[in-house]
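Here is the structure we will look at, set down as structure tokens.
The values are calculated or read from the model by the stated rules, or taken from the named source; none is laboratory data. In this text the structure is predicted, and so the values were computed from the model without any measurement. Here the Cβ positions follow ideal geometry from the backbone for every residue, glycine too, while neighbour counts run over all protein chains shown. Each accessible area value is taken on the protein alone, full model and side chains, heavy atoms only, with ligands, DNA and RNA left out. Shrake-Rupley method; radii C 1.70, N 1.55, O 1.52, S 1.80 Å.
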Amino acid sequence: MPIKSPVRATDPLPGPAAGTRGRTYRLLLGEAMKLAEDGRLVSVAEVAAAAGVSRATAYRYFASRGELISAMVGESLGPVRRFESRATDGRERVQELFTKTFPRFRQFEAHMRAALQLSLEHWALERSGRLTEEPYRRGHRVAILKRIAAPLKSEMPEREFRRLLRALSMIFGIEPYVVLKDIWGSSDREVQATARWMADALIDAALKVPKRAKRNPGDRRVRLARAVV
């Protein structure tokens with residue numbers, strides 16, 4: 001059974017690369033990144049005011065908060081989504097992913113919290129039938145974890161590998177920062193250390209599940225024949 005994200009994650013729309021439109025896009029995105037440094041969810045109108053352009057102009061680049069947040073997260077976490085490991089051992093690859101990407105999470109924690117806010121708000125609005133814009137969906141971590149943990153797939157049952165990916169997705173991203181910093185008062189270093197410890201523990205647990213031996217098609221016929229006798 002293929003491993004799929006339960007929802008399709010929102011991808012940032014490609015912005016204009018050059019010319020006046022490219023400069024305006026970069027200006028708006030830059031102002032949005034600055035405004036969101038305190039972790040609050042900014043609007044397109046606020047970004048327009050900060051950039052000194054009209055709302056109409058800003059909305060031509062970012063038609064909704066979802067498009068704006070998606071562009072901000074893409075700007076922040078682009079290197080995380082493109083991360084590759086040269087290691088061949090699955091556990092080593094996962095640990096390298098956590099080690100190399102968590103400093104990026106720390107650097108853009110405020111922007112990731114803003115994205116989480118919008119995702120939760122859209123969930124509530126969609127649930128009550130009051131969502132008036134395209135919902136912002138998170139979930140890029142699914143493809144990242146599937147790619148990095150791929151060598152572990154051959155070391156455990158398929159079902160256990162799927163469960164391992166789901167478990168790892170709970171500790172890879174902004175969630176461990178929210179729980180450990182907001183509730184436990186942990187430092188950034190403690191957040192990363194705890195997440196890495198949990199990743200190791202999850203891999204250990206998954207590897208303890210024995211792979212079911214492949215059955216020989218003739219085995220069932222033999223058992224049936226014995227039953228008849």
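Test Arg86 against the criterion of being free of Cβ contacts under 8 Å to residues at least 24 places away in the same chain, more than 19 Å from the chain's Cα centre (by Cα), farther than 30 Å from Met156 by Cα and open to solvent by 20 Å² or more (accessible area, probe 1.4 Å), and give yes or no.
On the way: free of Cβ contacts under 8 Å to residues at least 24 places away in the same chain: yes; more than 19 Å from the chain's Cα centre (by Cα): yes; farther than 30 Å from Met156 by Cα: no; open to solvent by 20 Å² or more (accessible area, probe 1.4 Å): yes.
No; evaluated as a whole, the condition is false for this residue.
Pairs, please: C-beta under 7 Å, at least 6 apart or cross-chain, first residue free of Cβ contacts under 8 Å to residues at least 12 places away in the same chain and in region 119-142, second in a helix (DSSP H, G or I) and surrounded by fewer than 18 Cβ atoms within 10 Å (Cβ to Cβ)?
Leu131/Leu125
Report, ordered by the first and then the second residue, all pairs with beta carbons closer than 6 Å, sequence separation of six or more or different chains, a first member in region 158-175 that is farther than 16 Å from Ile148 by Cβ and in contact (Cβ under 8 Å) with a residue 40 or more places away in the chain, and a second member that is in a loop (DSSP other than H, G, I, E, B) and open to solvent by 10 Å² or more (accessible area, probe 1.4 Å).
Going by the 6 Å Cβ cut-off, the qualifying pairs are Glu160/Val209.
Can you tell me which residue among Ala150, Ala143, Ala201, Ala195 is surrounded by fewer than 19 Cβ atoms within 10 Å (Cβ to Cβ) and under 16 Å from the mean Cα position of the chain (by Cα)? Give the derivation first.
Values: Ala150 fails: under 16 Å from the mean Cα position of the chain (by Cα); Ala201 fails: under 16 Å from the mean Cα position of the chain (by Cα); Ala195 fails: surrounded by fewer than 19 Cβ atoms within 10 Å (Cβ to Cβ).
Sole residue among the options that is surrounded by fewer than 19 Cβ atoms within 10 Å (Cβ to Cβ) and under 16 Å from the mean Cα position of the chain (by Cα): Ala143.
Out of region 117-137, which residues are open to solvent by 30 Å² or more (accessible area, probe 1.4 Å) and under 14 Å from the mean Cα position of the chain (by Cα)?
Residues of region 117-137 open to solvent by 30 Å² or more (accessible area, probe 1.4 Å): 117, 120-121, 123-134, 137.
Answer for region 117-137, where residues must be open to solvent by 30 Å² or more (accessible area, probe 1.4 Å) and under 14 Å from the mean Cα position of the chain (by Cα): just Arg137.
Scan region 180-229 for residues that are among the basic types (Lys, Arg) and either at pLDDT 95 or above or closer than 20 Å to Leu164 by Cα (or both) and jot them down. I'd like the intermediate steps shown before the answer.
Initially, region 180-229 is screened for residues among the basic types (Lys, Arg), giving 181, 189, 196, 208, 211-212, 214-215, 220-221, 223, 226.
Lys181, Arg189, Arg196, Lys208, Lys211, Arg212, listed by residue number.
Among the aliphatic types (A, V, I, L, M), at pLDDT below 95 and under 20 Å from the mean Cα position of the chain (by Cα), is that true of Leu41? It would help to see each step written out before you state the result.
Values: among the aliphatic types (A, V, I, L, M): yes; at pLDDT below 95: yes; under 20 Å from the mean Cα position of the chain (by Cα): yes.
Yes: the conditions hold for Leu41.
Which condition number in (1) open to solvent by 60 Å² or more (accessible area, probe 1.4 Å); (2) more than 25 Å from Val142 (Cα to Cα); (3) not hydrophobic (A, V, I, L, M, F, W, C); (4) not in a helix (DSSP H, G or I) is the one that Pro16 fails?
Going through the list (1) open to solvent by 60 Å² or more (accessible area, probe 1.4 Å); (2) more than 25 Å from Val142 (Cα to Cα); (3) not hydrophobic (A, V, I, L, M, F, W, C); (4) not in a helix (DSSP H, G or I), Pro16 breaks only (1).
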